[in-house]
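Take a look at the structure set out below.
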Amino acid sequence: MTETITDIEITAPWGERHLLGLEHLSAQQILTILNLADRFHELTEGASKKLQVLNGTVVANLFFENSTRTKTSFNIAARRLGADTVDFSASRSSLSKGETFVDTALTIEAMGVDLVVCRHRTPGAPHLLARKLKAGVLNAGDGTHEHPTQALLDMLTIRQRLGRIEGLTVALVGDIRHSRVARSNIHGLLKLGAKVIVCGPATLVPKAIAKLGVEIAYNLDEILPRVDCVNLLRVQFERQRGAFFPSIAEYAHLFGMNGERIRKGKENLLVLAPGPINRGVELTPEVADGPNSAILTQVSNGLLIRMACLYLLAKKVGKS
Ligand code: NCD
């Protein structure tokens, strides 16, 4: 017999109407999301269980920047919870006729949308929507600022694979300057008690980032032996206006994860990458497809994290 689940008890603290970043969340709130994601994992493992906990909720995906993983993942997550989804594609909308970003969002909200998932190239765009809309807003990446659900799924993967986060050393490698994934990971990991090292070419690692409480390194081989997890960030060519390193080959040589570097690291070194990955640049195929890599697990965990976030916000806007 199929069991239909229509409610999930949450006893841990939450209280937010929006999910805009990890900078202003407490460690307790982050743990609430990770634990709820684990609960959704248990509940959706057997195909026999249907979750109808967000029946009647409408989730709109407003993506003003390209996305494969994040958009698809929010879509599937919402549907697994029983919500209806609507997809908005900026290039095919009335934005091309001159409508403003906020007017577009207000128009979509007026059709009865409860939660808005927003990705935009401008830092702060989801924050603006949060001030203007009654709907709950989830930041799916705002320029170089934050990408909270990516950092949450990274942390869920670390906790699953290595058993904890507190006391671990995590290296974020690559284009720190332009990476919203780096910023959200830094906030989240530090709150949960990890040590964070940011590592990359000096041109892509702003010195001021040390103020957040991270160590800065420019030599991957030097830090590797004391690292439990490396998170390989993509070089954000689309956000760069200058040449930040001499050539891609040189970048790969100094900062790319390859078989030789895996052998120099700890035995169970965990390799993460938010994707899209550039094989041969941030990591070689041997590493991407090897036993240390959890890249596809990250994608699966993304669903669980997004289910947890959508559920918590839907509760908050009074939808379930
Ligand atoms: C990241 C993003 O868009 O910020 N991708 C993702 O969401 N999985 C990272 C990237 O584009 O490099």
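The values are calculated or read from the model by the stated rules, or taken from the named source; none is laboratory data. No experiment lies behind these values; they were computed from the predicted model shown. Positions of Cβ are generated from backbone atoms using ideal geometry, with glycine treated the same way; all protein chains shown enter the neighbour counts. Keep in mind that these areas ignore ligands, DNA and RNA; they rest on the heavy atoms of the full protein, side chains included. Shrake-Rupley method; radii C 1.70, N 1.55, O 1.52, S 1.80 Å.
Report, by residue number, each residue of region 291-307 that is under 13 Å from residue 277 (Cβ atoms) and open to solvent by 10 Å² or more (accessible area, probe 1.4 Å). Listed by number, the residues that qualify are 293, 295, 296, 299.
Restricting 317, 287 to those that are modelled with pLDDT under 95 and in contact with a strand residue (DSSP E or B) (Cβ under 6 Å, 6 or more places away or on another chain) reduces the list to 317. Taken together, the criteria place residue 72 among residues that are within 20 Å of residue 120 (Cβ to Cβ), surrounded by fewer than 17 Cβ atoms within 10 Å (Cβ to Cβ), within 16 Å of the ligand (Cβ to nearest atom) and without any contact (Cβ under 8 Å) to a residue 60 or more places away in the chain.
Within region 45-81, take every residue that is among the hydroxyl-bearing types (Ser, Thr, Tyr) and within 22 Å of the chain's Cα centre (by Cα) and give me the one that is modelled with the lowest pLDDT.
Ranking the candidates gives 68 first.
Is it the case that residue 222 is part of a helix (DSSP H, G or I) and more than 17 Å from the chain's Cα centre (by Cα)? Considered against the rule, which asks whether it is part of a helix (DSSP H, G or I) and more than 17 Å from the chain's Cα centre (by Cα), residue 222 comes out as yes.
What are the pairs, 6+ residues apart or on separate chains, where a residue within region 202-221 that is closer than 18 Å to residue 265 by Cα has its Cβ under 6 Å from a residue that is open to solvent by 30 Å² or more (accessible area, probe 1.4 Å) and not basic (Lys, Arg)? Sorted first by the residue in region 202-221, then by its partner, the pairs are 218/202. Of everything in region 223-232 that is closer than 17 Å to residue 176 by Cα and aliphatic (A, V, I, L, M), the residue that is surrounded by the fewest Cβ atoms within 10 Å (Cβ to Cβ) is 223. Is it the case, given these coordinates, that residue 39 is away from the ligand (no atom under 16 Å from the Cβ), free of Cβ contacts under 8 Å to residues at least 12 places away in the same chain and part of a helix (DSSP H, G or I)? So residue 39 does not fit the description; no. Could you tell me whether residue 235 is open to solvent by less than 50 Å² (accessible area, probe 1.4 Å), under 23 Å from residue 293 (Cα atoms), at pLDDT 95 or above and within 16 Å of the ligand (Cβ to nearest atom)? No; evaluated as a whole, the condition is false for this residue. Restricting region 178-207 to residues that are within 17 Å of the chain's Cα centre (by Cα) and among the charged types (D, E, K, R) leaves a set whose member that is farthest from residue 237 (Cα to Cα) is 191. Taken over region 222-254, the criterion of being without any contact (Cβ under 8 Å) to a residue 12 or more places away in the chain and not basic (Lys, Arg) is satisfied by 222, 237, 238, 242, 243, 246, 247, 249, 250, 253.
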